[in-house]
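Student: Sharing a structure with you now.
The values are calculated or read from the model by the stated rules, or taken from the named source; none is laboratory data. From a predicted model like this one, the values you see are computed outputs, not experimental measurements. FYI the Cβ positions are ideal-geometry reconstructions off the backbone, even for glycines, and counts take in every protein chain you see.
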Amino acid sequence: MAKSLSAFMAQNAKKVENRKIVASTRFVGEDGKPMEWEIACITAGENQKIRKSCMRSVPVSGKRGQYTQEFDNAGYQAKLAVRCTVFPDLNDAELQESYGVMGAEQLISAMLTGGEFDEYISALLDLNGFTDMGDLVDEAKN
């Protein structure tokens with residue numbers, strides 16, 4: 001096989017297509033069927049920016065002036081969900097107002113139940129190419 005960089009050129013890379021999923025059966029359309037949400041894949045750079053925004057410096061107990069980094073996983077998941085959600089538009093002011101919240105991150109947390117949100121995050125991680133946490137646990141056991 002000849003080595004060629006042409007396969008790596010941006011115009012030759014296959015695009016990860018958006019996916020439609022049912023995030024909750026509680027939202028039904030006029031036809032009575034559950035509404036589909038559209039989710040999109042993000043780049044590694046976008047993911048890194050989200051992860052970095054979720055790092056916080058917290059003081060080390062008993063060590064004056066020393067800090068450690070702490071990762072806000074719940075914040076990361078909310079930001080990832082907002083960034084990857086194409087439809088519904090979580091930035092829509094009317095939709096936010098209907099739930100009595102301000103901001104897309106608060107909206108998605110208000111719209112979905114805890115279990116629905118976890119399933120939604122799982123679908124987002126799958127679309128973005130992350131290994132399922134269950135697979136990681138099984139792998140660590142072996």
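Student: Out of Pro34, Pro59, Pro88, I need the residue that is farther than 27 Å from Val16 by Cβ and of a type outside the set (Lys, Arg). Which one?
Tutor: Details: Pro34 fails: farther than 27 Å from Val16 by Cβ; Pro88 fails: farther than 27 Å from Val16 by Cβ.
Selected residue: Pro59, the only one of Pro34, Pro59, Pro88 that is farther than 27 Å from Val16 by Cβ and of a type outside the set (Lys, Arg).
Student: On the given criteria, is Gly115 at positive phi and modelled with pLDDT of 90 or more? Give the derivation first.
Tutor: Numbers: at positive phi: no; modelled with pLDDT of 90 or more: yes.
No.
Student: Given (1) under 23 Å from Ala44 (Cα atoms); (2) crowded, with 17+ Cβ neighbours inside 10 Å; (3) without any contact (Cβ under 8 Å) to a residue 60 or more places away in the chain, identify the lone condition not met by Tyr120.
Tutor: Unmet for Tyr120, out of (1) under 23 Å from Ala44 (Cα atoms); (2) crowded, with 17+ Cβ neighbours inside 10 Å; (3) without any contact (Cβ under 8 Å) to a residue 60 or more places away in the chain: (3).
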